[in-house]
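Bear in mind that the values in this text are calculations on the coordinates, not laboratory data. Please read all numbers here as calculations on a predicted model, not as lab measurements. Glycine also receives a Cβ, built like all others from the backbone with ideal geometry; neighbour counts cover every protein chain displayed.
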Ligand SMILES: [Zn+2]
Ligand SMILES: [Zn+2]
């Protein structure tokens with residue numbers, strides 16, 4: 001049975017995908033956001049009105065595409081994401097949307113942990129495009145777990161909104177390209193102070209970026225049927241270089257059983273093949289698709305990963321950052337401070353107990369104020385809607401403000417109480 005049907009005749013705008021055939025190709029999730037924006041509707045509506053009715057599975061909900069499952073959409077590893085590509089291709093008259101995903105490589109790489117759960121972006125790329133008047137779009141390469149920097153600007157990708165300190169899912173009902181889902185702030189910046197990148201991590205980061213970028217840029221012209229070249233290459237590598245499986249496993253920081261799995265024909269994850277590629281000097285593309293025997297000398301490099309470097313914490317730098325965060329007092333939590341600075345909370349607590357306490361106090365105060373502010377905002381928006389003759393239900397609140405304000409039981413209490421004050425019959429209206 002076909003997963004999707006073509007019985008709808010009307011079609012969508014011919015929104016062209018951006019950057020196909022380059023390392024900076026757009027992501028499918030980002031494309032969906034741009035498409036929804038072209039219609040001035042939310043991503044949730046696009047999914048509900050265009051995608052779900054065309055998939056013959058009436059139990060599907062928006063949450064099966066957005067939210068927690070959204071990082072699967074760009075791997076193209078499930079029937080659902082394949083159906084999304086097919087429906088959007090048919091409806092937008094594009095036949096190349098598969099290249100906005102890792103679909104071409106799905107027979108070569110295991111999708112596990114390939115993509116991040118949360119959105120990452122280069123704020124300078126966003127800002128430059130805005131200044132140039134170029135279309136703002138999300139790059140697929142930003143979504144990869146292993147890609148940590150923008151090679152063009154040599155800065156770390158950002159994963160936390162600098163204004164509200166929230167993280168964003170890859171795709172959510174209300175997400176928009178270039179803006180924070182939670183506070184609606186523009187995410188572009190002219191410049192920003194990224195983590196210090198050492199020469200060694202820089203080499204690794206650039207290697208990762210170039211290799212992933214090559215997979216993306218080669219996808220449209222790629223036609224290679226044999227998908228077990230990697231196994232042959234691995235065997236060759238072990239045989240010619242006299243590297244034992246055990247030693248290789250140790251260097252790659254994976255278990256020996258993973259290597260045995262590869263030899264038995266399992267697909268490697270992108271993360272592990274990137275490490276193998278880095279120490280062997282062959283590109284990921286070569287390891288996956290070319291016979292490496294004639295490719296010549298194998299180099300050996302020490303794998304330098306961020307986690308190795310993290311052990312050497314720079315106390316002075318952490319102290320300065322802590323004081324800065326305390327002074328800024330912008331609601332940064334301890335865990336987010338640690339994420340920003342690549343350290344664990346335990347280390348900060350141990351070396352800077354006084355500062356940690358101050359940061360936590362600031363954060364609790366900030367949370368309290370936010371809650372009060374949100375409650376006042378709920379009340380004033382409800383009054384405003386009521387005065388205009390609109391029932392201030394939860395849907396109307398979302399439509400009015402662009403965000404879901406009634407989240408916790410306390411919010412709900414405020415909402416119900418205000419309904420009562422405004423003279424609505426709660427029992428009846430609660431159902432709406
Ligand atoms: Zn950039
Ligand atoms: Zn935000």
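By how many nm would the segment from residue 244 to residue 40 grow when fully extended, if each residue of separation counts as 0.36 nm and the alpha-carbon distance is taken off?
67.7 nm
Can you sort 280, 29, 257, 272 so the residue with the fewest Cβ neighbours within 10 Å comes first?
257, 272, 280, 29
How far, in nm, would the chain grow between residue 11 and residue 154 when pulled straight, counting 0.36 nm per residue and subtracting the alpha carbon separation?
Working: separation 143, 0.36 × 143 = 51.48 nm, distance 4.09 nm.
Contour length minus the Cα-Cα distance gives 47.4 nm.
Roughly what % of DSSP beta bridges within the chain run antiparallel, to the nearest 5?
If we restrict to bridges inside the chain, about 90 percent are antiparallel.
Which value, in Å³ per residue, describes the convex hull spanned by the Cα atoms of the range 1-223?
Spelled out: Cα convex hull of the range 1-223, divided by residues, is 128 Å³.
Between residue 390 and residue 96, what is the label-point separation in nm under the 7 Å Cα-to-beta-carbon projection?
Placing both labels 7 Å beyond Cα along the Cβ direction yields 4.1 nm.
Would you please put 91-103, 135-147, 357-369 in order of how densely packed they are, using the mean number of other Cβ atoms within 10 angstrom per residue and starting with the highest?
In decreasing order of mean packing, 91-103, 135-147, 357-369 become 135-147, 91-103, 357-369.
Quick check: convex hull over the Cα atoms of the range 315-429, volume per residue in Å³, rounded to an integer?
Roughly 120 Å³ of hull volume per residue.
Please compute the volume of the convex hull spanned by the alpha-carbon atoms of the range 238-287 and report it per residue in Å³.
78 Å³
What does the extension gain come out to for residue 210 and residue 226, with contour length at 0.36 nm per residue minus their alpha carbon separation?
That works out to 3.4 nm of additional length.
Note down the relative contact order for the range 315-429 as a percent, whole number, built from C-alpha pairs under 8 angstrom at least six residues apart.
Relative CO of the range 315-429 lands at 19 percent.
Based on other C-beta atoms within 10 Å, arrange 221, 416 from fewest to most.
Going from least to most buried by this count: 221, 416.
Using the number of other C-beta atoms within 10 angstrom as an exposure proxy, rank 40, 382, 168, 32 with the fewest first.
Numbers: 40 7, 382 25, 168 20, 32 28.
The most exposed by this proxy come first: 40, 168, 382, 32.
What number, in nm² with one decimal, is the all-direction average of the projected area of the convex hull of the alpha-carbon atoms of the chain?
Hull-based average projected area comes out at 25.5 nm².
Measuring from centroid to centroid over Cα atoms, what is the spacing of the range 147-206 and the range 339-354 in Å?
Value for the Cα centre distance between the two parts: 22 Å.
If r is the Cβ-Cβ distance from residue 365 to residue 400 and R0 is 30 Å, what FRET efficiency results, to the nearest 0.05?
So the FRET efficiency works out to roughly 0.55.
Calculated FRET efficiency, residue 266 and residue 291, Cβ-Cβ r, R0 22 Å, to nearest 0.05?
0.65
Given only helices, namely DSSP H runs of n ≥ 4 each adding -39500 (n - 2.57), what is the per-residue ellipticity at 222 nm of the chain, to the nearest 500 deg cm²/dmol? Please list the in-between numbers first.
Details: 18 runs with 198 residues, N = 432.
After summing the helix terms and dividing by residue count, I get -14000 deg cm²/dmol.
Describe numerically, in nm with one decimal, the distance between label points set 7 Å from Cα along Cα→Cβ at residue 373 and at residue 118.
1.9 nm
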